[in-house]
């Protein structure tokens, strides 16, 4: 009786081993899956949310799995070479994601390294225009798995895919909200057409720390010239900028007074800008915070792959001499959109 039982146990064990080895042999050596969705936004807007690893914090499924997860990023979080390291609970683990390749507005490829796992995995993103929408795909390519562990590529695939689908859904909602509202870093981007403008101005290369002094020396005198020539003013004092390089120590700019018609006046320059499409932000606050508004505009232009014709114009709508509360000081920031896109 005992021998018969042992014989049955051996047979069962052999069958189990045969089934297990068969399962291992039939299982893929790596995990692969792809999730896709249609996003009602242009390709560059979606692409920029993926190609900048810092922006992954806004939509990545990692944060949902572990709200307390910690993140750190390379000095440059954008494009090839950018790295993101995270450390969290058992659901997200610890690892590093690096952008290894990206093609502007078309694709992003990332390398993923999980601590405790010596195989590299990869993520592949594609962004394909579809009319006014974008077809977005996010694929996961797991590293080669040792033969005994290959069944895990089948057993765990559904959970991984579900996590990626949640992340892609969050990204879609975020991108479509931005595309609909046109709000960047709290600033509303207005899409307008500016009528023809004429500026009486003085253009110079100015050190950044001397901009306010430059305005003080020129805006008043330009206004006096316009009055003396009996010219009608068509707006508030303005700054015109021909370069917006954050790393430069000087800026090519002008102090200007908008006029209703073009006129030649001795001791000043005249610039006429024809009717053009512009993007505009109404900034409220003192000048120390205006760089954030310009950065918001640059992010918008990058999302829509738009190029700018200079000058960029800041029109100082509020007179600080009349309004003492800096939070109410209004500046209209206008970027002229190039007709040669």
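The values are calculated or read from the model by the stated rules, or taken from the named source; none is laboratory data. These numbers were taken from a predicted model, which means no experiment stands behind them. In this analysis, Cβ positions are derived from the backbone assuming ideal geometry, glycine residues included, and neighbour counts consider all displayed protein chains.
Remarks
So that you can scan it fast, the table gives a plain yes or no per residue for (1) part of a strand (DSSP E or B); (2) within 25 Å of the chain's Cα centre (by Cα); (3) surrounded by fewer than 18 Cβ atoms within 10 Å (Cβ to Cβ); (4) at pLDDT 90 or above:
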| residue | (1), (2), (3), (4) |
| --- | --- |
| 80 | no, yes, yes, yes |
| 86 | yes, yes, no, no |
| 91 | no, no, yes, no |
| 100 | yes, yes, yes, yes |
| 108 | yes, yes, no, yes |
| 111 | yes, yes, yes, yes |
| 116 | no, no, yes, no |
| 119 | no, no, yes, no |
| 125 | yes, yes, no, yes |
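- Number of the exception - residue 139 against (1) modelled with pLDDT of 95 or more; (2) crowded, with 16+ Cβ neighbours inside 10 Å; (3) assigned to a strand (DSSP E or B): (1)
- Of all the listed residues (257, 333, 278), the sole one being over 28 Å from the mean Cα position of the chain (by Cα) and under 17 Å from residue 239 (Cβ atoms) is 257.
- When residues in segment 84-106 are screened for being in contact (Cβ under 8 Å) with a residue 24 or more places away in the chain and within 23 Å of residue 303 (Cβ to Cβ), 7 of them pass.
- One residue stands out among those in segment 308-341 that are outside any loop (DSSP other than H, G, I, E, B) and without any contact (Cβ under 8 Å) to a residue 40 or more places away in the chain: the one that is farthest from residue 272 (Cα to Cα), which is 308.
- Members of segment 142-187 that are within 26 Å of residue 106 (Cβ to Cβ), out of contact with any helix residue (DSSP H, G or I) (no Cβ under 6 Å at 6 or more places or on another chain) and at pLDDT below 90: 142, 143, 160, 161, 164, 165
A quick yes/no check of all residues on (1) more than 33 Å from the chain's Cα centre (by Cα); (2) under 22 Å from residue 317 (Cβ atoms):
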| position | (1), (2) |
| --- | --- |
| 207 | no, no |
| 230 | yes, no |
| 269 | yes, no |
| 292 | no, yes |
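- Sub-8 Å Cβ pairs linking a first residue in segment 285-300 that is without any contact (Cβ under 8 Å) to a residue 60 or more places away in the chain and at positive phi to a second residue that is exposed (fewer than 15 other Cβ atoms within 10 Å of the Cβ) and part of a helix (DSSP H, G or I), at least 6 apart or interchain, are 285/326; 285/327, ordered by first then second residue.
- All strands (runs of 3 or more DSSP E) inside segment 206-307 with 2 or more residues being in contact with a helix residue (DSSP H, G or I) (Cβ under 8 Å, 6 or more places away or on another chain) and surrounded by 14 or more Cβ atoms within 10 Å (Cβ to Cβ): 250-259, 276-284
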